[in-house]
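K.L.:
Quick one: the structure is below, and I'll ask about it shortly.
The values are calculated or read from the model by the stated rules, or taken from the named source; none is laboratory data. The shown structure was predicted, so the numbers you read here are calculated from the model rather than taken from an experiment. Positions of Cβ are generated from backbone atoms using ideal geometry, with glycine treated the same way; all protein chains shown enter the neighbour counts. Each accessible area value is taken on the protein alone, full model and side chains, heavy atoms only, with ligands, DNA and RNA left out. Shrake-Rupley method; radii C 1.70, N 1.55, O 1.52, S 1.80 Å.
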Amino acid sequence: MEDKRRDIYGAKMNSLEEEQLIRCPICEAVNRDQGKKNICRRCHSKIYQHQKFQTEKSWAFLITAIIFYIPANLYPMLVIKQFGNEDGSTILGGVIVLWEMGSYPVALVILFASVFVPLLKFLLLLYLLISVKYSLGNDSKVDKHTLYYITEIIGPWSMIDVFVVAILAGLIHLSSMEMVAGAASTAFALSVFFTIMAANSFDSRLIKGRK
Amino acid sequence: MPLVVYKNFPYTFVLLYQNMKTKITSDQLDELIICHKCHTLHKKVSITNGSKALCKSCKGVLYHRDDSLIEKGLALSITGLILFILANAFPLIKVDILGQEQVISILSMVVRLVESEYYIVALFVVYLVFIFPLMIFLIYITLFFLLKTTKKEQVVEELLILLSKIVPWNMSDIFLISILVSLVKLMGMLEIHIGISFWTLTLFVIIDIYMTRSIHIGELWKIKEEIYMEPK
Ligand SMILES: [Zn+2]
Ligand SMILES: [Zn+2]
């Protein structure tokens, strides 16, 4: 994309100036990057303030999220208590049960939301965080912006399983049959929360290659 | 740099090339827009009412033009709020278990989580599907009302900042999908009845999605600037 644009306008067109422009994440106004202390000229929000610890905060959130994702998969999401029996199923266990029941679309939705989306988000963020520090082959910056945008929008999808647990546990609580939330639901919710925080604290100016 | 593709309703694409070889000066910043998706810089062009400007490289929507945005926004947000209240006033789902009827609403779900000491999950649920959606619609109503009556610019600015911070945390749409997933899980096990609130919640989510897609916060800032600039 970049190259094509340069072809139309000639190689020297304002490229330096353009690199200095940033988009306010709060009000979308275009601002000139002042480096350390950016205050949006329209909404006066403090934007892109961290210069020294640009990636550290994002790393910290991401690692926390990955750590919480482990118990989220090991412990049961939902415990079914029926006639004295207790039966807990993990995320993957739940998917398998649904698949065996023949509910293929729902099994796929859960697999997508609880396994695919979180893992994809971890990988995308890892890639972004590593690639802004070390050059990994020839990766175009436009693609990286798109990857960052994807991590921003797919986040909420992973909450599906947590909501499902909340709904089932809220609906079925009789003495003979009861569904309760399992330890994994807390871990999973926290994992989702920290992944969103990791994405939000990522400084997208780094994609432009400035340190 | 300054290419904007613009889309005229319904399907005609018009390519607008504006050759701008001069240097960007700081007073021109208002004429520029950076695509949210791919960060390509564009120069804004004026578009006709009811159309939207698309990004040259990713075809994402850059901005819209809707001359009746404030009236439409006010009507939609009031409808949305009413639907949201109805969605919380009646049961979402009813099931019959061994002759006993069990119902669920968003708040009863939260209460149940608190009872079983899942405080963190309860907190997430109550914020993501109750407090934030409610706040967003209350903010929208106040905002459009203030914009319409040209009052309290300071409050409008604060509300716009707050709005942009909580909109990404509204998960009503995902919650609706979760209800559908739960229904499928329970199907075959129990007799399920869909409550009135399920339908009002569905309508609420449709309005919610439509509003987040068609009202960009950047556009509201622009409208705000235009409105409060000219003295009435
Ligand atoms: Zn701003
Ligand atoms: Zn774009």
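K.L.:
List the number of the failed condition for residue A:120; all other conditions in (1) in contact (Cβ under 8 Å) with a residue 24 or more places away in the chain; (2) in contact with a Ser or Thr (Cβ under 7 Å, 6 or more places away or on another chain) hold.
P.N.:
(2)
K.L.:
Which one of B:138, B:146 is in contact (Cβ under 8 Å) with a residue 40 or more places away in the chain and either open to solvent by less than 50 Å² (accessible area, probe 1.4 Å) or under 24 Å from the mean Cα position of the chain (by Cα) (or both)? Before the answer, list the steps.
P.N.:
On the way: B:146 fails: in contact (Cβ under 8 Å) with a residue 40 or more places away in the chain.
Matching residue, one of B:138, B:146: B:138.
K.L.:
Would you list the strands (runs of 3 or more DSSP E) that sit entirely within region B:22-90 and hold 1 or more residues that are under 22 Å from residue B:136 (Cα atoms)? Walk me through how you get there before you give the answer.
P.N.:
Working: elements: B:32-34, B:41-43, B:52-55, B:61-64.
Correct list: B:61-64.
K.L.:
Next up: Name the single residue, out of those in region B:53-86 being out of contact with any Ser or Thr (no Cβ under 9 Å at 6 or more places or on another chain) and either of a type in the set (D, E, K, R) or farther than 29 Å from residue B:150 by Cα (or both), that is modelled with the highest pLDDT.
P.N.:
B:71
K.L.:
Which residues, counting only those in region B:155-197, are away from chain A (no Cβ under 11 Å), part of a helix (DSSP H, G or I) and open to solvent by 80 Å² or more (accessible area, probe 1.4 Å)?
P.N.:
Matches in region B:155-197: B:196 only.
K.L.:
Continuing with this model, one more query. Please find, within region A:129-144, the residue that is modelled with the highest pLDDT out of those that are within 10 Å of chain B (Cβ to nearest Cβ) and in contact with a helix residue (DSSP H, G or I) (Cβ under 6 Å, 6 or more places away or on another chain).
P.N.:
Per the stated criteria, the residue is A:144.
K.L.:
Still on this structure: Looking at this structure, is residue B:206 within 16 Å of ligand 1 (Cβ to nearest atom) and either touching a residue at least 40 places away in the same chain (Cβ under 8 Å) or surrounded by fewer than 18 Cβ atoms within 10 Å (Cβ to Cβ) (or both)?
P.N.:
Working: within 16 Å of ligand 1 (Cβ to nearest atom): no; either touching a residue at least 40 places away in the same chain (Cβ under 8 Å) or surrounded by fewer than 18 Cβ atoms within 10 Å (Cβ to Cβ) (or both): yes.
Answer is no for this residue.
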